[in-house]
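Colleague: Got a structure here, written out as structure tokens. Questions coming.
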Amino acid sequence: QVQLLESLGDLVQAGGSLRLSCAASGSTSVINALGWYRQPPGKEREFIAIMSSGDSSNYADSVKGRFTISRDNAKNILYLQMNSLKPEDTAVYYCNAQAYWGHEFWGRGTQVTVSS
């Protein structure tokens with residue numbers, strides 16, 4: 001099993017920045033990729049960014065150029081640096097871990113609210 005714990009979100013003004021972190025624990029050796037998803041109010045969960053074990057990354061078009069995913073492999077921590085935040089970035093943000101055989105693990109989520 002892999003446990004994922006996101007840092008607390010925050011209320012941020014539009015144009016501001018926020019960094020989320022996700023601490024992975026447990027059987028972290030089975031993790032092939034780590035990523036972030038979010039669920040805006042009244043909408044379905046959506047992909048934001050992913051980083052593979054080889055450190056290659058991909059982003060959703062909606063956050064490309066504004067968000068940066070990174071990881072500290074020694075500490076098993078995943079980060080999401082969010083800059084130039086917009087009200088439409090308001091959502092519950094989830095950390096995701098994909099095991100080599102395809103199973104996915106999820107954090108409990110953390111609320112990020114961007115005020116206009």
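The values are calculated or read from the model by the stated rules, or taken from the named source; none is laboratory data. Here the structure is a predicted model, which means the values were calculated and not measured. Quick reminder, even Gly has a Cβ in these numbers, built from the backbone with ideal geometry, and neighbours come from all protein chains shown. Ligands, DNA and RNA are stripped out before the accessible areas are found, and what is left, the full protein with its side chains, is counted by its heavy atoms. Shrake-Rupley method; radii C 1.70, N 1.55, O 1.52, S 1.80 Å.
Colleague: Rounded to the nearest 0.05, what FRET efficiency do S52 and L8 give with R0 = 30 Å and r taken as the Cβ-Cβ distance? Could you check?
Modeller: Rounded to the nearest 0.05, the efficiency is 0.65.
Colleague: Separate question: In whole percent, and with a 1.4 Å probe on the protein chains, what portion of the accessible area of the chain is carbon and sulfur?
Modeller: Whole-percent figure for carbon plus sulfur exposure: 47.
Colleague: What number comes out for accessible area per residue over the chain if the probe is 1.4 Å? Units Å², please.
Modeller: For the chain, the per-residue accessible area is 53 Å².
Colleague: Got the relative contact order for the chain handy, in percent, Cα pairs under 8 Å and 6 or more residues apart?
Modeller: 38 percent.
Colleague: Taking springs between alpha-carbon atoms closer than 10 angstrom, which of D72, D89, D55 fluctuates most in the Gaussian network model of the chain?
Modeller: Result: D72 has the largest fluctuation of those listed.
Colleague: I would also like to ask the following. With springs only between Cα atoms under 10 Å, which of L78, L18, L34 fluctuates most in a Gaussian network model of the chain?
Modeller: L18
Colleague: Spelling out what I want: for every residue of the range 58-66, take phi, set θ = phi - 60°, compute 6.51 cos²θ - 1.76 cosθ + 1.60 (Karplus), and round to whole Hz; glycine and proline get x.
Modeller: Result, ordered by residue: 9, 10, 5, 4, 5, 10, 4, x, 10 Hz.
Colleague: Can I ask one more? How large is the charge dipole for the range 1-73, taken about the Cα centre, if only the Cβ atoms of Lys, Arg (+1) and Asp, Glu (-1) carry charge, to the nearest 20 debye?
Modeller: 120
Colleague: Mind giving me the nanometre distance, one decimal, between the label points for Q39 and N73, set 7 Å out from Cα along Cα→Cβ?
Modeller: Output for this residue pair reads 3.2 nm.
Colleague: Non-local amide H neighbours of V12 (under 5 Å, H modeled in plane, Pro and chain starts lacking H): which ones?
Modeller: Hits under the 5 Å cutoff: T113, V114, S115.
Colleague: Can I ask one more? Can you tell me what share of the DSSP beta bridges in the chain is antiparallel? A percent to the nearest 5 is fine.
Modeller: 95
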